[in-house]
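S.K.: Before I ask anything, let me first share the structure, which is written out below as structure tokens.
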Amino acid sequence: MTKRPKPASTRSPSMLVDLIQLRFLPGSAESDNQQLYRLLRDAILGEELPHGLRLPSSRQLAAELGIARNTVIHVYERLAAEGYVSAGVGRGTFVSDTRPDRIPHPAATRETAPVPASRHASGVSQRGAALMARAGAGERQWGAFMPGVPEVRAFPARTWMRLQNRHWRRPPPDLLSYGVGLGYPPLRAALADYLRSSRGVLCDPEQIVITSGTHTALQLIGLMLCDPGARAWVEDPGYWGVHSVWRANGIETVPVPVDDEGLDVDRGEGRPRLVFVSPSHQYPLGSVMSLARRRQLLAYASHHGAWIVEDDYDSEFRYGRPPLPSLQGLDTDGRVLYLGTFSKVMFPGLRLSYMVVPAPLVDAFRVGLSEVYRGGQSLTQAVLADFIVDGHFVSHIRRMRNLYAARREALLSAIATGFGDSLPIHDGSAGLHLVLGLPGRDDRAIARDALGHGIITRALSRYYRAPASSASGLLLGYSHVDEDEISRHFATLAGCIADAPG
Ligand SMILES: Cc1ncc(COP(=O)(O)O)c(C=O)c1O
């Protein structure tokens with residue numbers, strides 16, 4: 001029996017436009033038709049679009065996405081034919097609550113226990129569905145002003161190729177087999193030297209764990225240090241990936257407000273097992289955690305037996321002031337797990353990162369790493385070790401620091417040209433992006449509009465989990481945008497900001 005869909009009075013079609021616009025890639029290899037169909041179907045199956053939600057008119061959605069109206073009509077018709085939406089003349093189109101894969105099998109309904117209401121329609125687990133509902137990664141990872149992307153075009157590819165060829169000429173079989181231990185030992189030794197001298201990290205090479213990106217490190221930490229139901233304090237605003245990974249591990253992430261001194265320890269609720277901080281360059285606002293707060297947090301962790309996860313993701317890039325040494329270097333009680341990544345200093349597609357764990361945890365992480373991930377990329381790790389030992393790593397960082405400093409200046413001057421000093425800027429004179437504050441404006445609507453003009457930004461409000469404290473602004477990555485293109489792209493963005501009601 002087909003139920004009539006109820007219009008969802010509290011939801012608006014603009015939420016859908018928001019979601020689809022963020023994911024739609026005009027001009028991609030997939031046709032507009034197929035892409036829109038897939039995005040809408042997946043969002044319905046993922047319950048991101050609740051049943052009863054009214055879809056925007058085909059005219060509106062076509063205009064927002066810059067595609068032909070016939071394409072939208074065709075997609076709506078196909079979704080209706082397949083049961084994902086229902087439509088009536090003059091009534092509009094609504095997300096259906098009788099989607100084909102939700103209709104229970106008659107035999108199953110009689111004899112088996114009912115599927116919990118929150119179980120995802122297509123058989124995805126509850127935690128999988130929750131992950132889908134709050135997914136944070138964008139569909140586009142390159143273009144002005146995508147935050148957090150280094151200038152990959154300036155990577156010394158020839159040097160890398162030469163080092164790589166050296167290893168591939170006669171590759172040792174053990175480097176082509178499964179990885180063993182915590183990573184390629186010479187890479188761990190080279191990293192320990194580098195971290196000691198440049199970041200004040202106190203460690204032996206044995207404490208270094210090589211991981212395939214920060215998310216893998218977070219996953220391993222969640223797995224080895226927390227049981228389901230454990231609590232983690234996470235900076236608010238903060239990095240969306242922490243919530244995604246830890247929540248998928250059954251960890252309750254609790255937002256803790258950040259001020260000019262970093263995470264406000266006094267405002268954390270409950271007893272955390274983990275505390276996630278980015279003390280050298282708070283993500284995304286850029287503040288540096290004060291020494292007093294660092295001491296307070298370390299004392300708290302020692303007293304309550306909590307683990308601090310220090311994310312030092314881009315502190316190599318400071319413009320002006322020298323960086324404060326790591327929080328890990330102040331820790332006398334072995335409470336800090338220090339995370340670093342090669343994504344920002346080399347290139348994100350390398351998928352190599354590392355963590356420094358307190359000595360008593362080394363065995364546990366070795367077993368966790370090899371049992372859950374097996375390990376590999378040993379030859380790439382060997383090339384990277386040479387890249388560091390031969391001095392290319394430090395000189396590449398130095399060159400990129402100068403390049404990014406000039407690009408940051410170009411963006412600051414474009415902002416000054418457009419808005420004088422009427423808008424607040426947060427960046428802590430460091431990193432690959434800055435945040436342009438937009439008090440009283442709808443940052444998500446502006447980001448959507450900008451995307452329609454080919455400019456990628458991220459709305460600051462999306463980084464808050466506690467909506468009451470949410471602020472409005474845009475994250476603008478400048479590191480990978482040519483200096484002489486910055487003012488032109490910013491002028492386009494400034495037009496979107498000026499057009500927005502506020
Ligand atoms: C705050 C923060 N930490 C870490 C990372 C790096 O993650 P990965 O090592 O997976 O590239 C990012 C990437 O954008 C980030 O924004």
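The values are calculated or read from the model by the stated rules, or taken from the named source; none is laboratory data. In this text the structure is predicted, and so the values were computed from the model without any measurement. Here the Cβ positions follow ideal geometry from the backbone for every residue, glycine too, while neighbour counts run over all protein chains shown. For the accessible areas, the whole protein counts, side chains as well, though only heavy atoms, and no ligand, DNA or RNA atoms are used. Shrake-Rupley method; radii C 1.70, N 1.55, O 1.52, S 1.80 Å.
S.K.: Can you give the local net charge around H304? Use residues other than it whose beta-carbon is closer than 10 angstrom to its beta-carbon, Lys and Arg +1, Asp and Glu -1. Don't skip to the answer; put the middle values down first.
M.R.: Working: positive: R271, R273, R335; negative: none.
Neighbour charge sum, excluding H304 itself: +3.
S.K.: Run through the DSSP bridge list for the chain and note the antiparallel percent, rounded to the nearest 5. Don't skip to the answer; put the middle values down first.
M.R.: On the way: 26 of 43 bridges.
Of those bridges, close to 60 percent are antiparallel.
S.K.: Could you order the peptides 326-332, 127-133 from most to least packed, using the average number of other C-beta atoms within 10 Å per residue? Write out the running numbers ahead of the final one.
M.R.: Numbers: 326-332: 20.6, 127-133: 15.7.
Descending packing order for the listed peptides: 326-332, 127-133.
S.K.: Something else about it: By its C-alpha gyration tensor, with a ≥ b ≥ c as the square roots of the eigenvalues, how is the stretch 316-389 shaped: rounded for a/c under 1.5, else prolate for a/b larger than b/c, else oblate?
M.R.: Judged from the Cα gyration tensor, the stretch 316-389 comes out oblate (a/c at least 1.5, b/c at or above a/b).
S.K.: From the Cα gyration tensor of the stretch 371-420, with a ≥ b ≥ c the square roots of its eigenvalues, which class applies: rounded if a/c is under 1.5, or else prolate if a/b is larger than b/c, or else oblate? Before the final figure, lay out each step's value.
M.R.: Working: a/c = 7.44, a/b = 2.23, b/c = 3.34.
Verdict is oblate for the stretch 371-420.
S.K.: Work out, step by step, the length gained on full extension between R69 and H303: first 0.36 nm times the residue separation, then minus their alpha carbon distance; give nm to one decimal.
M.R.: Numbers: separation 234, 0.36 × 234 = 84.24 nm, distance 6.18 nm.
Full extension of this stretch gives 78.1 nm more.
S.K.: With everything on Cα atoms, drop me the angle between helix 378-389 and the longest principal axis of the chain, reported from 0 to 90° to the nearest 10.
M.R.: 50 degrees
S.K.: Would you please put 149-157, 464-472, 188-196 in order of how densely packed they are, using the mean number of other Cβ atoms within 10 angstrom per residue and starting with the highest?
M.R.: On the way: 149-157: 15.9, 464-472: 13.9, 188-196: 19.0.
Going by the mean number of other Cβ atoms within 10 Å, highest first, we get 188-196, 149-157, 464-472.
S.K.: Which whole-Hz ³J(HN,Hα) couplings does the stretch 429-437 yield from phi under the Karplus relation 6.51 cos²θ - 1.76 cosθ + 1.60, θ = phi - 60°, glycine and proline marked x?
M.R.: The phi angles translate into 6, 7, x, 10, 9, 10, 10, 9, x Hz.
S.K.: Angle between the Cα long axis of helix 214-225 and the longest principal axis of the chain, 0 to 90 degrees, nearest 10?
M.R.: For 214-225 against the chain, the angle is about 80 degrees.
S.K.: Relative contact order, percent, of the chain when contacts are C-alpha pairs under 8 Å separated by at least 6 residues? Please list the in-between numbers first.
M.R.: Values: 848 pairs, mean separation 83.7, N = 502.
RCO, the chain: 17 percent.
S.K.: Can you give me the long-range amide H partners of F317? Hydrogens built in the peptide plane at 1.01 Å from N, cutoff under 5 Å, separation of 5 or more residues or another chain.
M.R.: G431
S.K.: Please report, as a whole percent, how much of the solvent-accessible surface of the stretch 395-499 comes from carbon and sulfur atoms (probe radius 1.4 Å).
M.R.: Answer for the stretch 395-499: carbon and sulfur cover 48 percent of the accessible area.
S.K.: For R158 and R23 in the same chain, what is the full-extension length gain: residue separation times 0.36 nm, less their Cα-Cα distance, in nm? Each step should come with its number before you reach the end.
M.R.: Numbers: separation 135, 0.36 × 135 = 48.60 nm, distance 3.44 nm.
Working it through step by step, the gained length comes to 45.2 nm.
S.K.: Another one. Under 1.5 on a/c is rounded, so check that first for the chain, then, if it is not, pick prolate when a/b is larger than b/c and oblate when it is not; a ≥ b ≥ c are the square roots of the alpha carbon gyration tensor eigenvalues. Don't skip to the end; give the middle numbers.
M.R.: On the way: a/c = 1.65, a/b = 1.37, b/c = 1.20.
Prolate, because a/c is 1.5 or more and a/b exceeds b/c.
S.K.: Stretch M132-M15 to full length: gain in nm at 0.36 nm per residue minus the Cα-Cα span? Let's see the in-between values first.
M.R.: Details: separation 117, 0.36 × 117 = 42.12 nm, distance 1.57 nm.
Length gained, M132 through M15: 40.6 nm.
S.K.: Testing the spin-label approximation: label points 7 Å from Cα along Cα→Cβ at S197 and D264. State their distance in nm.
M.R.: My value for the distance between the label points is 4.1 nm.
S.K.: Further, regarding this structure: Under a crude label model (7 Å from the Cα following the beta-carbon direction), how far is S469 from V372 in nanometres?
M.R.: Placing both labels 7 Å along Cα→Cβ, they lie 2.8 nm apart.
S.K.: So, one more: Considering amide H positions built from the backbone, and no H for Pro or chain starts, which residues 5 or more places from L55, or on another chain, come under 5 Å of its amide H?
M.R.: Placed amide hydrogens put T93, F94, V95 under 5 Å from L55.
S.K.: Can I ask one more? Can you give the Rg to Rh ratio of the stretch 285-424, both from alpha-carbon atoms, with Rh computed by the Kirkwood formula?
M.R.: Details: Rg = 18.9 Å, Rh = 18.2 Å.
On the Cα set of the stretch 285-424, Rg over Rh gives 1.04.
S.K.: To test your reading of the geometry: what angle, between 0 and 90 degrees and rounded to tens, separates the Cα axis of helix 69-81 from the longest principal axis of the chain?
M.R.: Around 80 degrees separate the two axes.
S.K.: If you put +1 on each Lys and Arg Cβ and -1 on each Asp and Glu Cβ, how big is the dipole of the stretch 174-390 around its Cα centre, in Debye rounded to 20? Before the final figure, lay out each step's value.
M.R.: Working: 18 positive and 25 negative charges, 15 e Å.
Roughly 80 debye, rounded to the nearest 20.
S.K.: Which ³J(HN,Hα) values, rounded to whole Hz and listed in residue order, are derived for the stretch 442-456 from phi using the Karplus coefficients 6.51, -1.76 and 1.60 in 6.51 cos²θ - 1.76 cosθ + 1.60 with θ = phi - 60°, glycine and proline given as x?
M.R.: These are the phi-based 3J(HN,Hα) values: 8, 5, 5, 5, 5, 4, 5, 4, 4, 4, x, 9, x, 10, 9 Hz.
S.K.: Ok, one more. Which whole-number value in Å² is the accessible area per residue of the chain, probe 1.4 Å?
M.R.: I get 45 Å² per residue for the chain.
S.K.: If you don't mind, another one. Helix-only mean residue ellipticity at 222 nm, the chain, DSSP H runs n ≥ 4 weighted -39,500 (n - 2.57), per residue, nearest 500. What is it?
M.R.: Details: 17 runs with 206 residues, N = 502.
The helix-only estimate for the chain comes to -13000 deg cm²/dmol at 222 nm.
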